[in-house]
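First the structure, in the form of structure tokens, and then the observations on it.
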Amino acid sequence: MRESGEMYLETILVLKKKKHTVRAIDVAEEMELSRPSVSRGMAKLREDDCIIVEEDGNLAFTEKGQAIAEKIYERHQVLSSLFEKLGVSEENATEDACRIEHVISDETFAALKACEKKLK
């Protein structure tokens, strides 16, 4: 999956944590993207069997989509926390984690996650 798809899924997950129903317009507003861009992204996620758009327009995850969203969200949380513990500002830690979370290997992430736990 491409980074943009992962970002959409992570955004949907974060929004669902704030409020239980999420629509494409909510994603567009949160990500500061145009409605047509988000519409194309949601179509791709439906094609990839990651989301379902319910009759009322609410977005729901498939098992596959939920798993990807949770994986990316966990990476973001752990990496941000680790960077802050290392002395990086919250803003830079968040921005860097957002970029790294999409390209880091599972092996490297597991090692960094173990390191982050030790620093608590």
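The values are calculated or read from the model by the stated rules, or taken from the named source; none is laboratory data. Keep in mind that what you see is a predicted model, and the values were worked out from it rather than measured. Counting neighbours? That spans all protein chains shown, and the Cβs are built from the backbone with ideal geometry, glycine included.
Which of the residues belonging to segment 28-72 are of a type in the set (Val, Ile, Thr) and either part of a helix (DSSP H, G or I) or not assigned by TED's automatic domain parsing to the domain that holds THR11 (or both)? Walk me through it before giving the result.
Of segment 28-72, the ones of a type in the set (Val, Ile, Thr) are 38, 51-53, 62, 68, 72.
If the condition is that a residue be of a type in the set (Val, Ile, Thr) and either part of a helix (DSSP H, G or I) or not assigned by TED's automatic domain parsing to the domain that holds THR11 (or both), then VAL38, ILE68, ILE72 are the ones that fit.
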- Go through (1) more than 14 Å from the chain's Cα centre (by Cα); (2) outside any helix (DSSP H, G or I) one by one and return the number of the condition ILE25 breaks. (2)
- Note on the structure: For segment 73-120, the count of residues that are of a type in the set (D, E, K, R), closer than 21 Å to VAL22 by Cβ and in a helix (DSSP H, G or I) equals 2
- Task: Could you tell me which numbered condition VAL14 fails, if it satisfies all but one of (1) in contact (Cβ under 8 Å) with a residue 40 or more places away in the chain; (2) farther than 27 Å from SER105 by Cα; (3) among the β-branched types (Val, Ile, Thr)?
- Result: (2)
- Task: Looking at (1) under 19 Å from TYR73 (Cα atoms); (2) surrounded by fewer than 19 Cβ atoms within 10 Å (Cβ to Cβ), find the lone condition where LEU33 falls short.
- Result: (1)
- Item | Qualifying residues in segment 1-14 (those that are touching a Leu at 6+ places or on another chain (Cβ under 9 Å) and part of a helix (DSSP H, G or I)) - the one modelled with the lowest pLDDT | GLY5
- Message: Being touching a residue at least 12 places away in the same chain (Cβ under 8 Å), within 18 Å of ASP106 (Cα to Cα) and under 16 Å from the mean Cα position of the chain (by Cα): is that true of GLU30 here?
- Response: no
- Message: I'd like the full set of residues that are aliphatic (A, V, I, L, M), touching a residue at least 40 places away in the same chain (Cβ under 8 Å) and more than 17 Å from GLU3 (Cβ to Cβ), limited to segment 45-78.
- Response: LEU59
- Message: So in segment 39-81, with the set limited to residues that are within 25 Å of GLU91 (Cβ to Cβ) and of a type in the set (Val, Ile, Thr), which one is surrounded by the fewest Cβ atoms within 10 Å (Cβ to Cβ)?
- Response: VAL78
